[in-house]
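Novice: Input: one structure, supplied below.
All of the numbers you see were taken from the coordinates with simple rules; none came from a lab. Everything quoted here is computed from the prediction, not taken from an experiment. Note that each Cβ is placed from the backbone with ideal geometry, even for glycine, and that neighbours are counted across all protein chains shown.
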Amino acid sequence: MPYENIRVCLLSEDSGLPQAIVRTLGDGFVAWTSKDLQFERLNEIRASCDVILLDLLSAAMKNDPRPGLQLIEEMSKVPSYPPVVILCDGDNRALLLAAMERGAYDSVANPPNMVELRLILRRAYKFHAAEIELERLRAETVGKGRLHELLGTSPAIQELFALAQKIAPCDVSVLITGETGTGKELLARAIHQMSARNARSMVGFSCANLPETLIEDELFGHEKGAFTGAMMARHGRLEAANQSTLFLDEIGDISIGLQPKLLRVLQERSFERLGGNAKINVDIRLICATNRNLAEMVREGKFREDLYYRLNVVNLHLPPLRERRDDIPLLAQHFLENSVQQFKKKAKRFSQFAMHALEEYGWPGNVRELENAVQRAVVLSEGHTVDVSHLPAAMRTGCETPQLSGTYEEEVRQFKRRLVLRTLRERGWRKAESARSLGVARGYLHRLINQLEIHQPEEDSRAEPANQFPTTDRIM
């Protein structure tokens, strides 16, 4: 994403070094300094600032950093306050960790390496932009009553939202496909809410791993005495969904013997209860979902072709989370705020290391797994910042917060590894573009990749189109 005119306010009671930092940030940044460290006055610049750079080594705080730490804590309590990057002594690990615990986004040794500082400021800006976008989307969702709980700004999800809005008012059958945990039921509910049937509640039923007789009884209901134990008549889901929407999840699990009966309902809009002869007319809209390939099942004779075409009038495919990584900060912050309210915790944001871990993970469980991971992290957190140590172990590999016992050489190596890995990810694993972005020769980038033992994750290889990158330019 382009970074133009990122607004940075450097808070320091000194003048020499802060002014030099402001002058050397270069293109893409609009920076200025301020000596006023009063929180009440800082609120005045909140709307005109994207990132705050706080100097904890200025004359006023060098011997007593507590006012600076208190300032960080006060700023982190305010929702969507600009992220705070601190300038501090790189050897003072206790001060660094204290600042991170109080809500600082990241830190840079003072005097800073300008390449490192620019990268951190850009990532802080991206994080802040995600927070602002979340507030905007939430306001739009509440105001229009559309898209229900679905969030996302990536091109793939925005295209899906636009298509869902177009077909929602029309009473056509919809087939929603996608991996487990992508939010298929949420999309079905959003379509129902945008339709003329929203005066009645959507009726849902999952066909997953249920015997044919149970699914048939759940859908069609039965008459009294239809089978042993049927002491009274029972309405099925079809009758309950009359003049509303019926959502059938995991439609690919429905048996081949029951499929003709469902097809007849779609064709004639009527059915009989089990054990009965009276025809019952229904007015329903059918939305189905599956994580299976129904077209392949048709070719294998496991799913009726005529039923498939009846269900698949409009197909909506929910992309897996690994194909919409730009939405991860937005979704993670949304789940964090929900979890904080649910569990009465104090967390306000993710640390830079925690967000990096979330963005780099493969997410086999998709959005549902992300929500569960954020809930766990919020429960384990104690302060205002969710750190990488609060995440499940599988997500922490290579993204741990630097520990007090780490050597200088190892921390430099880990920083280089994170920097190179992130750049490769952002550039689609194209090494020529990654080298230009890092400002290094391509041959040097090749040596770094080998030295740092960087390998392209398997899920990124699967997600790439076959002709997107030349074979010679990809990490093998």
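Novice: What is the stretch 142-254's relative contact order, in percent, from Cα pairs under 8 angstrom and six or more apart in sequence?
Specialist: Working: 128 pairs, mean separation 30.8, N = 113.
27 percent.
Novice: Could I ask something else about it? Looking at P111, Q456, S15, which one has the Cα that reaches farthest to the positive end of the dipole of the chain (charges on Cβ: Lys, Arg +1; Asp, Glu -1)?
Specialist: Farthest along the dipole direction, towards plus: Q456.
Novice: Select from C170, L37, L445 the residue farthest towards the positive end of the dipole of the chain; place +1 on Cβ of Lys and Arg, -1 on Cβ of Asp and Glu, and compute about the Cα centre.
Specialist: Most positive-ward Cα: C170.
Novice: How much length is gained if the chain between S154 and L214 is pulled fully straight, taking 0.36 nm per residue apart and subtracting their Cα-Cα distance, in nm to one decimal?
Specialist: Working: separation 60, 0.36 × 60 = 21.60 nm, distance 4.03 nm.
Full extension from S154 to L214 adds 17.6 nm.
Novice: Still on this structure: Positive end of the charge dipole of the chain (Lys, Arg +1 and Asp, Glu -1 on Cβ, about the Cα centre): tell me which of G229, H390, I284 has its Cα farthest that way.
Specialist: Working it through, the farthest residue towards the positive pole turns out to be I284.
Novice: Would you mind checking K126/K184; K166/K344; K184/K431; K35/K346; K166/K431 for any pair whose Cα atoms are more than 32 angstrom apart? Please list the in-between numbers first.
Specialist: Numbers: K126/K184 28 Å; K166/K344 39 Å; K184/K431 36 Å; K35/K346 29 Å; K166/K431 40 Å.
Pairs exceeding the cut-off: K166/K344; K184/K431; K166/K431.
Novice: Assuming R0 = 41 Å, what is the FRET efficiency of L258 and H455, from their Cβ-Cβ distance, to the nearest 0.05?
Specialist: Numbers: r = 47 Å, r/R0 = 1.14.
Taking R0 as 41 Å, the efficiency between L258 and H455 is 0.30.
Novice: Continuing with this model, one more query. Cβ under 13 Å from R447's Cβ, R447 left aside: what net charge do those residues give with Lys, Arg +1 and Asp, Glu -1? The partial results should precede the final answer.
Specialist: Values: positive: K416, K431, R442; negative: E453.
For residues surrounding R447, the net value is +2.
Novice: Which log10 I(q)/I(0) values does the chain give at q = 0.05 Å⁻¹ under the Debye formula, counting every alpha carbon as one identical point scatterer?
Specialist: Once normalised to I(0) and log-transformed, intensities are -0.26.
Novice: Just order 248-256, 183-191 by mean Cβ neighbour count inside 10 Å, highest at the front, would you?
Specialist: Numbers: 248-256: 19.2, 183-191: 22.8.
The packing order, highest mean first, is 183-191, 248-256.
Novice: Still on this structure, I have one more. Would you calculate a helix-derived [θ] at 222 nm for the chain, using -39,500 (n - 2.57) for each DSSP H run of n ≥ 4 and dividing by the full residue count, to the nearest 500?
Specialist: On the way: 19 runs with 206 residues, N = 476.
Helices in the chain give a 222 nm mean residue ellipticity of -13000 deg cm²/dmol.
Novice: Using the 10 angstrom Cβ neighbour count as an exposure proxy, how do M355, M395 rank, fewest first?
Specialist: On the way: M355 23, M395 20.
Going from sparsest to densest Cβ surroundings: M395, M355.
Novice: Fewest first, what order do Y361, Y125 take by the number of other Cβ atoms within 10 Å?
Specialist: Numbers: Y361 24, Y125 21.
Ranked by crowding around the Cβ, least crowded first: Y125, Y361.
Novice: Which value in nm describes the separation of the simple spin-label points at D27 and E268, placed 7 Å from the Cα toward the beta carbon?
Specialist: Label-label distance for D27 and E268, simple model: 7.2 nm.
Novice: Quick check on the chain: of the DSSP beta bridges with both residues there, what percent are antiparallel, nearest 5%?
Specialist: Values: 3 of 41 bridges.
Once the DSSP bridges in the chain are tallied, antiparallel ones form about 5 percent.
Novice: Could I ask something else about it? Charges at C-beta only: +1 for Lys and Arg, -1 for Asp and Glu. How large is the resulting dipole of the chain about its Cα centre, in Debye rounded to 20? Each step should come with its number before you reach the end.
Specialist: Working: 62 positive and 64 negative charges, 121 e Å.
It comes to approximately 580 debye.
Novice: Let me ask something additional. Fewest Cβ neighbours within 10 Å first, please rank V84, V440 accordingly.
Specialist: On the way: V84 24, V440 14.
Going from least to most buried by this count: V440, V84.
Novice: Counting Lys +1, Arg +1, Asp -1, Glu -1, what net charge surrounds P329 among other residues with beta carbon under 12 Å of its beta carbon? Each step should come with its number before you reach the end.
Specialist: Working: positive: R123, K126, R324, R325, R349; negative: E131, E133, D326, D327, E359.
Taking every Cβ under 12 Å from that of P329, the sum is 0.
Novice: What trypsin sites (Lys or Arg not before Pro) in the stretch 286-370 are in a loop by DSSP, with at most 15 other Cβ atoms within 10 Å of the Cβ? Please list the in-between numbers first.
Specialist: On the way: sites: R292, R299, K302, R304, R310, R322, R324, R325, K344, K345, K346, K348, R349, R368; in loops: R292, K302, R304, R324, K344, K345, K346, K348.
Counting only loop positions with at most 15 other Cβ atoms within 10 Å, the trypsin sites (Lys or Arg not before Pro) in the stretch 286-370 are R292, K302, K344, K346.
Novice: So, counting K/R as plus one and D/E as minus one, what does the shell of residues with Cβ under 10 Å around R422 add up to? Please report the intermediate quantities before stating the final value.
Specialist: On the way: positive: R123, R417, R418, R425, R427; negative: E359, E360, E426.
Here the count lands on +2.
Novice: OK, next. How far, in nm, would the chain grow between V379 and A295 when pulled straight, counting 0.36 nm per residue and subtracting the alpha carbon separation?
Specialist: Numbers: separation 84, 0.36 × 84 = 30.24 nm, distance 4.25 nm.
My answer for the length gained is 26.0 nm.
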